[in-house]
Structures are given as structure tokens and as C-alpha cells.
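Below is one structure, written out as C-alpha cells, with a few remarks after it.
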């Protein structure tokens, strides 16, 4: 019977997409689930899953502004000096590749296996963008990770 069920699911393209969220203070995920419903893009899958599990968030399929009560706007900026700042927010990757597109512009295909959201930062130093989407847990900012 198992063989039949697996064949049946595979023959119609059903598959699971792993969805993970990494927060600002630890390198272990704060949420992990498998999504078996069909979605057209990363944005739809993300918003639907956060809603399904009652996770507090703000944003839309086009832009995840906050999840798990992470700060937004001026509260998500860390000023290190007059010439250096970090701007925090959510970034995502699909199958290990950081996306250069908005979530609603990133399709989910039958080959999609994993979507990972990471709370990270863009680093501005001396008027130049040094990096983007660096995981926040690598620096554990005090304003987010006080014990």
C-alpha cells in the first residue's frame, strides 16, 4: 500500500517544501515546517503559513516587514558610529540561493525543496553598502539579543 500511495502522490506532482525561519539571536531555527499545499510563490506560502500557525507578522506576499515580533522602521536600525549603521529585516533564500527578487516574484516550482527566511542586516559604512542579508545572529546585536 505504501508504494501505491507514494506513486500516487508523485504522479500528480505533490511535494513538500521545507520552510524555516532563523531569528536574530541564535543560529538554530525558530520555526520549521513542511508545507504540502500548492502556492504560486514564496510570498503566498510565507504569509499563509505564518497565518496558519498564528505567528505575529506584518507585511504582505510582496514584503515581509516583521515576523515573530521583530522590529521595523527606525527600531530596526543599529547606529554603530556616525559613519556606520546596520539596517535589519527579513531576507530569504530558495534552495540555498539568496533571492534578488521580492517574495511574490519568486515562484515555487515542483523542484523547490526549501525556503529559508533569515533575520539579517544590510551594512552601511562610509556611505557604501558593505553587505546585505548578513544573518543577525552572527553579530547578536545587543538591542535585540539582551539576556
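The values are calculated or read from the model by the stated rules, or taken from the named source; none is laboratory data. Only a predicted model underlies this, so the values are computations on that prediction, with no experimental measurement involved. Neighbour counts run over all protein chains shown; Cβ positions are idealised from the backbone, glycine included.
Figures for the structure shown
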read-out: Every pair of residues 6+ apart whose Cβ atoms lie under 6 Å, when the first sits in region 105-126 and is touching a residue at least 24 places away in the same chain (Cβ under 8 Å) while the second is buried (at least 20 other Cβ atoms within 10 Å of the Cβ) and part of a loop (DSSP other than H, G, I, E, B); value: 119/23; 119/24; 119/70
read-out: One residue from 93, 99 being at pLDDT below 95 and under 26 Å from residue 112 (Cβ atoms); value: 99
read-out: Extreme residue, surrounded by the fewest Cβ atoms within 10 Å (Cβ to Cβ), among residues of region 51-87 that are within 14 Å of the chain's Cα centre (by Cα) and on the phi > 0 side of the Ramachandran plot; value: 69
read-out: Inter-residue pairs, beta-carbon under 7 Å, first free of Cβ contacts under 8 Å to residues at least 40 places away in the same chain and on the phi < 0 side of the Ramachandran plot and in region 35-46, second assigned to a helix (DSSP H, G or I) and buried (at least 18 other Cβ atoms within 10 Å of the Cβ), 6+ apart; value: 35/45; 35/49
read-out: Verdict on residue 131 being touching a residue at least 12 places away in the same chain (Cβ under 8 Å), in a strand (DSSP E or B) and more than 20 Å from residue 34 (Cα to Cα); value: no
